[in-house]
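To keep things clear, I will list the structure first and then write my remarks on it.
Every number here is computed from the coordinates shown, using simple stated rules; none is lab data. Since the model is a prediction, treat every value here as computed from it, not as a measurement. Cβ atoms come from the backbone with ideal geometry, glycine included; neighbour counts cover every protein chain shown.
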Amino acid sequence: MTVEQSRTARTLSARVAADLRLRIEAGEWAPGEKMPGEHDLAAHYAVSRATVRTALQDLESRGLTVTRHGLGTLVTAHAATGQADLRRLESMTNTIARHGRQPGMQYRSIVLRPATEEEARKLALGPGAEVLATERAITADGETVAFSSDVIPRAVFPPEFDPSEVAGSLFALLERHGVRAVVALTEVHAVHGEHIGWGMRPDDASYLLLVQLHSDSRGVPIALASTYFIEGRFPFALVRHR
């Protein structure tokens with residue numbers, strides 16, 4: 001198989017997996033219900049059984065299905081829990097909407113400024129490089145679920161970029177300018193302190209802090225985010241299985 005054929009096969013399996021995830025999340029198959037077999041899925045998507053097999057492996061790696069010899073592929077209870085999978089990279093706007101809640105974004109600050117020494121190191125920026133820095137509260141059904149400080153290299157935007165266009169999802173902002181985050185190196189910490197966040201928030205709250213360095217398909221860093229999720233406001237899960 002050539003490199004191009006291998007890339008095409010991965011793309012096809014990713015598309016099949018993405019569509020199957022949507023169908024599972026929409027409740028097409030209930031927890032414990034058997035999904036169609038490889039042959040039927042291959043015919044439905046007009047792909048090879050090998051492509052379907054790779055897509056099903058993706059679902060199982062996310063804890064959405066489990067394969068049992070003699071039974072086939074079964075949808076797990078995790079698929080209907082309404083919890084966000086820590087391994088899934090998507091905007092919080094999409095995550096919140098996907099779980100049936102109304103997403104919202106309240107920006108506290110949006111500025112262009114020189115990168116700090118640490119930001120420049122993590123984002124592989126040269127001396128004096130400028131970044132777009134934001135502070136925002138992320139809401140679900142009007143309730144604040146997280147506070148986020150984000151830094152994006154100014155160079156990823158065109159020369160005419162105006163910070164006034166920043167609104168809503170930063171992932172969506174990047175994609176409007178042809179930049180897409182495909183991987184995030186993530187550190188996870190449990191933290192607390194009155195210095196975290198602003199406005200109305202629980203007294204003595206605990207937070208799940210995700211420090212994420214996002215990169216594009218070439219491995220180039222495109223965003224650095226520190227997001228503090230308020231304990232109990234939005235559930236996350238990490239499925240472990242064997």
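With the chain treated as a Gaussian network of Cα nodes joined by springs under 10 Å, which of A223, A46, A124 yields the largest mean-square fluctuation?
A46
Tell me the mean residue ellipticity at 222 nm calculated for the chain from its helices only (DSSP H runs of n ≥ 4, each -39500 (n - 2.57), averaged over every residue, nearest 500). Write out the running numbers ahead of the final one.
Values: 6 runs with 64 residues, N = 242.
For the chain, the value works out to -8000 deg cm²/dmol.
Mind checking the log10 I(q)/I(0) for the chain at q = 0.07, 0.10 Å⁻¹? Debye, one equal scatterer per Cα, no solvent, two decimals.
Once normalised to I(0) and log-transformed, intensities are -0.29, -0.58.
I'd like the orientation of helix 3-25 relative to the chain: the angle between its Cα long axis and the longest Cα principal axis, in ° from 0 to 90, rounded to 10.
Roughly 90 degrees between the two axes.
Calculate how many DSSP beta bridges within the chain are antiparallel, expressed in % of all such bridges and rounded to the nearest 5.
Details: 51 of 53 bridges.
The antiparallel fraction comes to roughly 95 percent.
Relative to the Cα centre, what is the charge dipole magnitude of segment 84-237, using +1 at the beta carbon of each Lys and Arg, -1 at the beta carbon of each Asp and Glu, and rounding to the nearest 20 debye? Could the numbers behind the result be given before it?
Numbers: 15 positive and 20 negative charges, 81 e Å.
So the dipole magnitude of segment 84-237 works out to roughly 380 debye.
What angle do you read, to the nearest 10 degrees and between 0 and 90, between the alpha-carbon axis of helix 49-61 and the longest principal axis of the chain?
So the helix axis and the longest Cα principal axis differ by about 50 degrees.
In nm, to one decimal, how far is the E33 label point from the L74 one, both placed 7 Å along Cα→Cβ?
Those two pseudo-labels are separated by 1.5 nm.
When the Kirkwood hydrodynamic radius is evaluated over all pairs of different C-alpha atoms of segment 110-242, what value in angstrom, to one decimal, is obtained? Kindly include the intermediate steps, with their values, before the conclusion.
Values: mean 1/r = 0.0623 Å⁻¹.
Roughly 16.1 Å, rounded to one decimal.
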